[in-house]
Amino acid sequence: MQQHPYSGRMKIFANHDEVTASVGQAVPPTDWVTITQAQIDQFAQATGDHQWIHTDPERAAQGPFGTTVAHGFLTLSLLARFMGEAFGVQGTQMGINYGLNRVRFPSPVPVGSRLRAHLKLLAAEPLPGNGLQMTWEVSVERGGADKPACVAEALVRTYGAPDY
């Protein structure tokens, strides 16, 4: 396992064959990320979702969560960051998010929450053009919570160089 600038726990796969041989295994969890009101506000600005439970701290203090909470899709958008911190595949030119099979938000993410991801490789299938499609089970843990903030099945594709 090699060091990554964002995480001392990043799993580096030597090649697509090593990824395929790792189906059913988990990689180490990511580092923690703290969710700030500024992030929530920027996400609201970018998406146009200004619902008061996200962007109005005074009103949200009287609401069901006692504070503002992150958008579910903000939490989901962190999967790209988490996967980039959790694993890498040597010899690849690029990786892309291909989609999601399933997403749930079992618990809210109050402002100030700390999140990290746990990833387990569910499947790895070769693709034309020196590619590999990976299916990852991702569970986003919220520090101190009984339930995850997000559970998703994420599809990621990596492509090697033509001589890979």
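The values are calculated or read from the model by the stated rules, or taken from the named source; none is laboratory data. Since the structure is predicted, the reported quantities are computational estimates derived from the model, not experimental observations. With ideal geometry, Cβ positions are generated from the backbone for all residues, glycine too; neighbour counts draw on all protein chains shown.
Taken as a whole, the structure leaves Ala152 outside the set of residues that are hydrophobic (A, V, I, L, M, F, W, C), in contact with a Phe, Trp or Tyr (Cβ under 7 Å, 6 or more places away or on another chain) and closer than 24 Å to Gln42 by Cα.
The listed residues are Met83, Met94, Met10, and the only one of them that is closer than 30 Å to Gln133 by Cβ, surrounded by fewer than 13 Cβ atoms within 10 Å (Cβ to Cβ), touching a residue at least 40 places away in the same chain (Cβ under 8 Å) and among the aliphatic types (A, V, I, L, M) turns out to be Met94. Out of the residues in the range 44-80 that are more than 16 Å from the chain's Cα centre (by Cα) and surrounded by 19 or more Cβ atoms within 10 Å (Cβ to Cβ), which is farthest from Val140 (Cα to Cα)? Checking each candidate, the answer is Ala60. For the range 14-50, which residues satisfy the criterion of being polar (S, T, N, Q), touching a residue at least 12 places away in the same chain (Cβ under 8 Å) and out of contact with any helix residue (DSSP H, G or I) (no Cβ under 8 Å at 6 or more places or on another chain)? Hits for the range 14-50 are Asn15, Thr20, Ser22, Gln25, Thr34, Thr36. Report yes if some residue within the range 141-148 is crowded, with 19+ Cβ neighbours inside 10 Å, farther than 23 Å from Gln39 by Cα and touching a residue at least 40 places away in the same chain (Cβ under 8 Å); otherwise report no. Within the range 141-148, not a single residue is crowded, with 19+ Cβ neighbours inside 10 Å, farther than 23 Å from Gln39 by Cα and touching a residue at least 40 places away in the same chain (Cβ under 8 Å).
Ala124 meets all of the listed conditions (1) small (Gly, Ala, Ser); (2) farther than 20 Å from His16 by Cα; (3) out of contact with any Lys or Arg (no Cβ under 7 Å at 6 or more places or on another chain); (4) buried (at least 19 other Cβ atoms within 10 Å of the Cβ) but one, namely (2). If only residues of the range 127-164 that are under 12 Å from Gly91 (Cβ atoms) and of a type in the set (Ser, Thr, Tyr) are counted, the one that is nearest to the chain's Cα centre (by Cα) is Thr158. Every condition in (1) under 20 Å from the mean Cα position of the chain (by Cα); (2) surrounded by fewer than 18 Cβ atoms within 10 Å (Cβ to Cβ) holds for Ile35 except the one numbered (2).
Please work out if Gly95 is modelled with pLDDT under 95 and within 13 Å of the chain's Cα centre (by Cα). When the stated conditions are applied, Gly95 does not pass them. Looking at Val27, Val89, Val111, Val69, can you tell me which residue is of a type in the set (A, V, I, L, M, F, W, C) and within 15 Å of Ala154 (Cα to Cα)? Within the list Val27, Val89, Val111, Val69, the selection yields Val27. Counting residues in the range 97-116 that are under 30 Å from Ala21 (Cα atoms), β-branched (Val, Ile, Thr) and either crowded, with 19+ Cβ neighbours inside 10 Å or out of contact with any strand residue (DSSP E or B) (no Cβ under 8 Å at 6 or more places or on another chain) (or both) gives zero. Suppose the filter is closer than 24 Å to Thr36 by Cβ and either touching a residue at least 60 places away in the same chain (Cβ under 8 Å) or acidic (Asp, Glu) (or both); does Val103 pass it? Taking the combined requirement at face value, the residue does not satisfy it.
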